[in-house]
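Notes for the one structure printed next.
The values are calculated or read from the model by the stated rules, or taken from the named source; none is laboratory data. The structure displayed is predicted, hence computed values, not measured ones. Here the Cβ positions follow ideal geometry from the backbone for every residue, glycine too, while neighbour counts run over all protein chains shown. Only protein heavy atoms, including side chains, enter the accessible area calculation; ligands, DNA and RNA are left aside. Shrake-Rupley method; radii C 1.70, N 1.55, O 1.52, S 1.80 Å.
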Amino acid sequence: MSFVENFPCFSIVLCMAAGILSTPMKAKQAKCMTMGLVVLVTCLSFGTLLHVLSTGSSFVYTMGRFPAPWGNEIRAGVLEALMATIFSLVMLCSLAGGMDHVFRDIAETRINLYFILVDLLLSSLLAIIYTNDLFTAYVFVEINTIAACGMIMIRRSGRSLIAATRYMVMSLIGSGLFLIGLAMLYDITGHLLMENAHEAMIRLVQAGQYHMPLLVIISFITVGLAIKSGLYPFHSWMPDAYGYSTMSSSSILSSLVSKSYIILLIKIFYRVIGFDNMISSKIVDVLFVFGLVGMVMGSVSAIMAKDIYRMIAYSSIAQIGYVYMGIGLGTEAGMVAAVFHILTHAITKSLLFLSAKGLNDVSGRKKNFRALQGAAFRNPLSGAAFLVGSLSMVGIPMLAGFISKFLFATAAMGANPGKVLITLIVLAVSTILNAIYFLHTVIRIYTPLEESAGTEGSRGRMSVGAAAALFCLIFLNFALGLTSQPVTDLLQTGIEMFG
């Protein structure tokens, strides 16, 4: 076994160990440990990606060298390693870009607790991406939920406590359905490792046994993870959770946490249930419909939003709809488009939240659109970053969002004939709606204030970390937009290896 094959395990264990070691540390010490950890995990994930590309195959790492069914397994292929690399990099940018606000918004006695939550959240994200065991996935889903909830409520303001409570209630409903589905699956198949469960599923389907229980299992697992990822109409927790958290938390929650549940769902579709079985069950058709509705209703809600944070939050609902619509197409091209959009949204949404906070800081810390007028002149870098993120979400060429929409349109042409026209129409309508609320905000921040109106805030001076984070996310957005073919080739290889 190559030494590199230890990297996924090292990444998860190091994150959990850092959470323990940060407990007695002071705020700045915990910050340094966490930032160093995220850099290290990014490097380890990238090293894993290079290894699987060089070997051309995935590998399985057996924890403690105990074979199934007693041992636990980690599986890494192109898709897992790529997701771990991008997620770690976005986490690094989100923390660097929002570090000033962490120390400003959170009481000093709780700052080390915030970094403990970040460490645990990163460990859970990596474990969800890499694990080959269903119950381990559930355990880390719960760790993910608890850490995310703590990151919302750590400001201890009234609205953040309400947002955290709402988030926890919806997440527990989703977790409960997911756990019931796993318990029923274990009862029927007798396995928790994904490959073993998949083999048992194939035998049951071929024998024509347990048809209705299997449909119930698929429904529970799918609905549970859809609730946790914020698919419309299970989105009610998102605007408050994103709008009343500290900046780093909003960026991490919107960019990474909801996407991890979709990645887990895709893993289960391919490696447990079998994608052909998913198509025959018609569950993908249900996801397709809810995805289309979410694309439109999320955008309509964003147009009606009264402040920039809620507008970006409602935009996330629409973008989650895009992902589920791609999955619902029921084709490999649709899945590639969906996974590419996960990457696009992770990078772009972090960019939008970080830049929006920079604009807010120079507007008297007010987030309504009127107060933001002219903010791009008071903080030019945040204004430029928000412009790039907005144009990407609208789908302007050379940016990642354009490639996402092009991939969705191309995938629709090869899908079931009944889905082609409706997909193209909703894509066009959603793009127009995206343009309405994003470009309205861009125009507002680039409209100079009248002299008689005065200024709502002083000219912004950004920290080096925040500026570096914005530059990095802008670069990644252009990189995905201009070098999309190698990335889509990687995704296609990864999905084939995934199955």
Write out, first by first residue and then by second, each pair whose Cβ atoms fall under 9 Å of each other, whose residues are 6+ apart or on separate chains, and whose first residue, in segment 234-254, is more than 18 Å from residue 120 (Cβ to Cβ) while the second is of a type in the set (Val, Ile, Thr) and surrounded by fewer than 24 Cβ atoms within 10 Å (Cβ to Cβ). 234/173; 234/223; 234/227; 237/169; 240/162; 244/162; 247/102
Determine if segment 199-220 includes at least one residue that is at pLDDT 85 or above, closer than 17 Å to residue 128 by Cβ, aliphatic (A, V, I, L, M) and touching a helix residue (DSSP H, G or I) at 6+ places or on another chain (Cβ under 8 Å). no
Pairs with Cβ under 6 Å, 6+ apart, first in segment 140-153 and under 17 Å from residue 250 (Cβ atoms), second open to solvent by 10 Å² or more (accessible area, probe 1.4 Å): 147/117; 147/120; 149/168; 150/117; 151/117; 153/161
Provide a single number: the residues in segment 53-75 that are surrounded by fewer than 21 Cβ atoms within 10 Å (Cβ to Cβ), closer than 16 Å to residue 136 by Cβ and aliphatic (A, V, I, L, M). 3
Can you pull out every residue in segment 333-357 that is open to solvent by 10 Å² or more (accessible area, probe 1.4 Å) and either among the basic types (Lys, Arg) or not in a helix (DSSP H, G or I) (or both)? 357
Only one residue in 50, 40, 14, 89 is open to solvent by 30 Å² or more (accessible area, probe 1.4 Å), of a type in the set (A, V, I, L, M), at pLDDT 85 or above and in contact with a Cys (Cβ under 9 Å, 6 or more places away or on another chain), so which one is that? 89
With the checklist (1) closer than 16 Å to residue 422 by Cβ; (2) assigned to a helix (DSSP H, G or I) in hand, flag the one item residue 330 doesn't pass. (2)
Being open to solvent by 60 Å² or more (accessible area, probe 1.4 Å), under 30 Å from residue 381 (Cα atoms) and in a helix (DSSP H, G or I) is the filter here; which residues of segment 395-438 pass it? 402, 406, 432, 436
Any residue at all in segment 226-241 that's on the phi > 0 side of the Ramachandran plot and surrounded by 18 or more Cβ atoms within 10 Å (Cβ to Cβ)? yes
Matching residues, segment 359-391, being in contact with a helix residue (DSSP H, G or I) (Cβ under 6 Å, 6 or more places away or on another chain), under 22 Å from residue 434 (Cα atoms), open to solvent by less than 10 Å² (accessible area, probe 1.4 Å) and not aromatic (Phe, Trp, Tyr): 359, 372, 375, 376, 382, 383, 385, 389, 390
How about segment 221-245: which of its residues are assigned to a helix (DSSP H, G or I) and at pLDDT 85 or above? 221, 222, 223, 224, 225, 226, 227, 228, 229
